[in-house]
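The values are calculated or read from the model by the stated rules, or taken from the named source; none is laboratory data. Owing to the predicted nature of the structure, the values given are computational and were not obtained by experimental measurement. We place every Cβ from the backbone using ideal geometry, glycine too, and count neighbours over all the protein chains shown. These accessible areas exclude ligands, DNA and RNA; they are computed on the full protein's heavy atoms, side chains included. Shrake-Rupley method; radii C 1.70, N 1.55, O 1.52, S 1.80 Å.
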Amino acid sequence: FAIGPDDDWEAILDRAHRAAEELLAALLREDPAGWPRVPQPPGEAPLPVRRRRDGVVDWTRPADEIRRLVLAEGWRGWVRSAREDGGNVILEAVRVETPSRTAPPGTVLEGGATPLVVAGSGALRLLRHRATSPLRAGERLGGTGR
């Protein structure tokens, strides 16, 4: 199935479940002796192991690059950024926007329910995020995230 540039993990997972149901039903009607087999090379993982630090946002990166990270990993609660107060903000859904003014990367330009944060190029509107307290305009995000 096709994956569009704005598809998030929920849309992809839904399509994958529907496709898996169809493929599995067709496969189970066949004789198992004819099922395809592809040996995995010994000692090799099929994909590199993702580490928690892979989800830490580097606000100097372009906004669209961060958006793609959120689309891919937002469901895990892995995409996060450290806050000045020592907490984290977890990013679950974002939209790229053009900021109305310049500020250093990681600066919250607008607080509220859907804050706007400056990236290396562009800005991100945090459509869904988790934080222990609301993000405030002027606050700086960054660091290692925990």
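Figures for the structure shown
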{"item": "Selection from the range 7-35 of residues that are in a helix (DSSP H, G or I) and more than 28 Å from the chain's Cα centre (by Cα)", "result": "Leu24, Ala25, Ala26, Leu27, Leu28, Pro32, Ala33, Gly34"}
{"item": "The range 55-75 residues that are closer than 16 Å to Val118 by Cα, paired with ones that are part of a helix (DSSP H, G or I) and open to solvent by 30 Å² or more (accessible area, probe 1.4 Å) (beta carbon under 8 Å, 6 or more apart)", "result": "Val57/Leu69"}
{"item": "Lone unmet requirement of (1) within 15 Å of the chain's Cα centre (by Cα); (2) farther than 12 Å from Gly122 by Cβ for Glu65", "result": "(2)"}
{"item": "Any hit, the range 94-106, residues being surrounded by 13 or more Cβ atoms within 10 Å (Cβ to Cβ) and without any contact (Cβ under 8 Å) to a residue 24 or more places away in the chain", "result": "yes"}
{"item": "Matching residues, the range 98-131, being basic (Lys, Arg) and touching a Pro at 6+ places or on another chain (Cβ under 9 Å)", "result": "Arg125"}
{"item": "Leu116 vs. criteria farther than 21 Å from Arg50 by Cα, open to solvent by 50 Å² or more (accessible area, probe 1.4 Å), aliphatic (A, V, I, L, M) and under 17 Å from the mean Cα position of the chain (by Cα)", "result": "no"}
{"item": "So Arg67, is it open to solvent by less than 50 Å² (accessible area, probe 1.4 Å) and within 15 Å of Asp54 (Cα to Cα)", "result": "yes"}
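Here's the yes/no breakdown for (1) modelled with pLDDT of 95 or more; (2) under 20 Å from Ile3 (Cβ atoms):
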site: Trp35; (1), (2): no, no
site: Leu47; (1), (2): no, yes
site: Arg50; (1), (2): no, yes
site: Gly77; (1), (2): no, no
site: Asp85; (1), (2): no, no
site: Glu97; (1), (2): yes, no
site: Val108; (1), (2): yes, no
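Per-residue answers, yes or no, for (1) in contact with a strand residue (DSSP E or B) (Cβ under 8 Å, 6 or more places away or on another chain); (2) of a type in the set (D, E, K, R); (3) open to solvent by 60 Å² or more (accessible area, probe 1.4 Å):
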position: Glu10; (1), (2), (3): no, yes, yes
position: Glu30; (1), (2), (3): no, yes, yes
position: Glu44; (1), (2), (3): no, yes, yes
position: Val57; (1), (2), (3): yes, no, no
position: Pro62; (1), (2), (3): yes, no, no
position: Glu73; (1), (2), (3): no, yes, no
